[in-house]
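Reviewing the structure listed below.
Coordinate-derived values only; no laboratory data. Note that the coordinates shown come from a computational prediction; the quantities given were computed from them, not determined experimentally. Methodologically, a virtual Cβ is constructed for each residue, glycine included, from the backbone with ideal geometry; neighbour enumeration extends over all protein chains shown.
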Amino acid sequence: MTRVLRDWLPVLVVFAAGMLLWQFALAPWLGQFLLPTPAQIVKSLHTHWSVLWHAGWFTLEEALGGFAIGCGLGIVAALALARWRRLSGALMPYFIAANAVPIIAFAPIMNNWFGLLNPHSKMAIAAVLCFFPVLVNTTRGLTSVRPEAIELMRSYAASEVEIFRRVRIPTALPFIFTGLKVATVLSMIGAIVGEYFGGSIQALGVQIENSVTLFDLPLAWAAIVVASSMGIAFYALIGVVERFTMSWARNGVQQ
Amino acid sequence: MTVVELKGVSKQFRGGTLALQGIDLTVEPREFVSLIGPSGCGKSTLLRVIGDLIPPSEGTATVNGKTAERARRDRDYGIVFQQAVLYDWRTVAKNIELPLELLNWDRRRRKERVAEMLDLVELGGFEGHHPWQLSGGMQQRVAIARALSFEPALLLMDEPFGALDEMTRERLNSELLRIWAETGSTVVFVTHSIPEAVYLSTRVVVMSARPGRIAEVIDIDLPQPRESEIREDARFFELVTRVREALIRGGVEA
Amino acid sequence: MPGRATAERIGTFLAVLGVLWGAWEGWRWLGSHYHLTWPFTVNDTTMPHLHRIIQALFQPAQANGPSLLHILLNASAFTAKEAALGFALGAVGGFAIAVVLLQSRFLERGIIPYVVASQTIPLLAIAPMVIVGLESKFGGTLSAWECVSVLAAYLTFFPVTINALRGLQSADPRAVELMRSYAANRWRILWKLQAPASLPYLFSAFRIAAPLAIVGAIISEPSASIQDGLGGAIVNFNQYYSIEPQELWATNVISALLGIVFFLAVVFAERAIVRRAPENTA
């Protein structure tokens, strides 16, 4: 019990302190039209709950689709690059370059390809954002195997495929999960930012943009809170899956 | 038929380092041969040449009458490294099972053999544990059990007890001798420790500093089976001194 | 032989470039020939010829104006200025936060989750509000592009904070004990021991943060109504996308190149600094 308390207490204390600071110092200083108080945001959240909840799910679905595609491709690419090392050196600069293209540059192109109102365009944006971190982390995991672990398998005359299956992939799992966790947050951001360039009114990004334009800042922040919370929940979900899958991990469940 | 035969083996690494030069060595069945020498003398490299994990630049390595490569593919040997190299995501039992899985043994046979091996290294009851739950000495015992699980005639060991404390090391030395006697295998053992080499071996091969050559081969005529009291025997000290002097002549600092 | 290795690398680079070019044009040919609609319709707008994109760089963007390349290079310089300042702000700020968190486990546990959570808020969403806020409070002293730098710092501080903290904590505890035995106070320990130990981690973070600073600057420029940078160019060419798609594509290429330039700047800086103090290498 004390362990749970110890883990959560600092976060809660900081949360409480932050909220108080915000409500009584920061918001009054900046004024209502720049930064609403937490109380106003909560009120707006309550009033518009139904709309925001549905918008959140709509956007989350886009994020999930993009996450699945981007992470899937990232892992496959990493497997290929680890298998054929020469490809790795040759293609890496291009991956780094593609990653350096800012989202607002390729979002319009995705919208053009898949259609402004089509959720697929937002999924594509989310997928592109997820691809690179998953690729980098998975590659690092696949190549982080100790030489002796490979030598051992060679002493058993194991084939390359068996080495991959039995050693490289399990070793890579922690790294893969790191990449996936980064991707959860990016997929949500990708979906929302994609919606900024045009999308269905049901989408969270459109809600945020509209409320900013209409100067309804409490609503904008309420929508941001929903977006952020869903991103965090997604991150936590992958964390749970990680704990479950790697129950053999040191920090995990003890026998 | 000799188990291991090395003729004129040399190894030069890319970049110019000459690790081994002109090694001639034969190992007969049921021998326990130690390789000892100063750091960098190539003893680990030599072990890996025998195991076909590193190809020699010159010379031939024959294991069980076949090329080293054929012997590796036929899984004629088991190897133990200084780090136990156990896979964290497998239990102790599954770690020992690994080579048997690769040999496509069926489940029942695997389970039986794992139980046998755990008895052999006296770790019965630890099947379901994970490597990090075990001490260093226990992890090495699992590594030995794994190396022996498919009953290879040859056991290659690269300073397996090097990372352990003196007491554990002495105990594991006795364990290893018991296992060696019970399984009737041949052992090639790389070590840094002169007393360990003398205690365990039937023959000690002393290597010179880089480039590694064989400086001297010393027969250890202590009685078998070796009890731990033998470490206090006068003959033991004589042999230790002989090995030490051979090492100094070969280029180790006193 | 270093000469040969470099030649090989350039060779593979060009070879891959050729393959990618071929793949693009190949798919384009297939798509227009067979009227493919999945995953998207292929035509001049969705997939302009690559050579047309390059061509567009050397043609004027508007009638009788300077070439597209000229415009984009000026825009890049402008954005680079914003990104450089944003990078510096984020790096210093991130490091400072890490130093604060280093002092107390309680603070670390309490604040890190919020640092992580901060990145779940899309920059694009808060950019307008931050710009308006900064301009109303500091309107006289801060110019628009400096506001953009502040927003770019929002993206760069995160990897720096996380990595700096790990790096500062990575100093050998025995070395810290040694310093304490010399009665060194915490700032000296920080300066002499922990900060140097954090260098490899910092440079790792800088590699991520440098292109991010460019991305952050580009994303924030429209919110600050800035026309002179790459962000402005993107918004501009987005409007003409159906007529002249290659201009937006060309802008993307230049943006990517700018990101890479920043990345390489960090790599070279790392080589220079680490070489000067070899004992600092991990």
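Summary of computed values
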| quantity | calculated |
| --- | --- |
| Kirkwood Rh in Å, taken over all unlike Cα pairs in segment B:131-224 | 14.4 |
| Principal axis dimensions, chain B - Cα atoms, whole angstrom, descending | 52, 42, 34 |
| Cα-based Rg and Dmax for segment A:62-211, where Dmax is the largest Cα-Cα distance (Å) | 18.3, 65 |
| Segment B:109-254 - share of DSSP beta bridges that are antiparallel (%, nearest 5) | 50 |
| Summed side-chain charge close to A:Phe58 - residues other than A:Phe58 whose Cβ falls under 12 Å, Lys, Arg +1, Asp, Glu -1 | -2 |
| Along principal axes, Cα extents of the protein assembly as shown, largest first, whole Å | 96, 65, 57 |
| DSSP beta bridge pairing in the protein assembly as shown, given as percent antiparallel to the nearest 5 | 50 |
| Sequence-distant lysines (8 or more away, or on other chains) whose Cα lies within less than 29 Å of A:Lys43 | C:Lys137 |
| Shape category assigned to segment C:147-222 from the gyration tensor of Cα positions, a/c cut at 1.5 | prolate |
| Equivalent ellipsoid, segment C:207-261 (semi-axes from 5 times Cα gyration tensor eigenvalues, Å) | 20, 14, 7 |
| Calculated diffusion of segment B:169-224, Stokes-Einstein form, Kirkwood radius summed over Cα pairs, 25 °C and 0.890 mPa s, µm²/s | 198 |
| Chymotrypsin sites (Phe, Trp or Tyr not before Pro) restricted to DSSP loop in segment A:2-42 with at most 12 other C-beta within 10 Å | A:Phe33 |
| Net charge of Cβ neighbours under 13 Å - reference C:Leu101; Lys, Arg +1; Asp, Glu -1 | +2 |
| Cα-based convex hull volume of segment B:1-99 per residue, rounded to whole Å³ | 134 |
| Chymotrypsin sites (Phe, Trp or Tyr not before Pro), loop per DSSP, at most 15 other Cβ atoms within 10 Å - longest free stretch of chain C | C:59-181 |
| For segment B:97-158, diffusion coefficient by Stokes-Einstein and Kirkwood Rh (Cα), 10 °C, 1.306 mPa s, µm²/s | 131 |
| Rounded, prolate or oblate (a/c below 1.5 giving rounded, otherwise prolate when a/b exceeds b/c) for segment B:64-180 by Cα gyration tensor | oblate |
| Packing-based exposure ordering (other Cβ within 10 Å, fewest first) of B:Ser39, B:Ser208 | B:Ser39, B:Ser208 |
| Segment A:123-181 - Kirkwood radius from inverse mean 1/r over Cα pairs (Å) | 12.4 |
| Mean separation of Cα contacts under 8 Å, 6 or more apart, over the residue count of segment A:1-153: relative contact order % | 28 |
| Net charge contributed by nearby residues that have their C-beta within less than 10 Å of A:Met123 (K/R +1, D/E -1) | -1 |
| Centre separation in Å (Cα based) which lies between segment A:2-21 and segment A:187-225 | 29 |
| Relative contact order of chain C, defined on C-alpha pairs under 8 angstrom at six or more residues apart (%) | 24 |
| Sequence of A:Cys130, C:Cys147 once ranked by neighbouring C-beta atoms within 10 Å, starting from the fewest | C:Cys147, A:Cys130 |
| Whole-number Å³ per residue for the convex hull built on Cα positions in segment C:1-128 | 263 |
| Rg/Rh for chain C, where both radii come from Cα atoms and Rh is the Kirkwood radius | 1.06 |
| Cα gyration tensor, chain A - rounded (a/c under 1.5), prolate or oblate | oblate |
| Positive-end extreme of charge dipole, chain A - chosen from A:Asn118, A:Pro93, A:Ala16 (charges on Cβ) | A:Pro93 |
| Over 20 Å between alpha carbons, listed pairs A:Lys122/C:Lys81; B:Lys7/B:Lys66; B:Lys43/B:Lys94 | A:Lys122/C:Lys81; B:Lys43/B:Lys94 |
| Coordinate range along principal axes, alpha carbons of segment C:56-167, Å, largest first | 63, 33, 24 |
| Whole-number percent relative contact order across segment B:1-97, with pairs defined as alpha carbons under 8 Å at least 6 apart | 29 |
| Dimensions in Å of segment A:72-111 - Rg and Dmax from alpha carbons | 12.6, 35 |
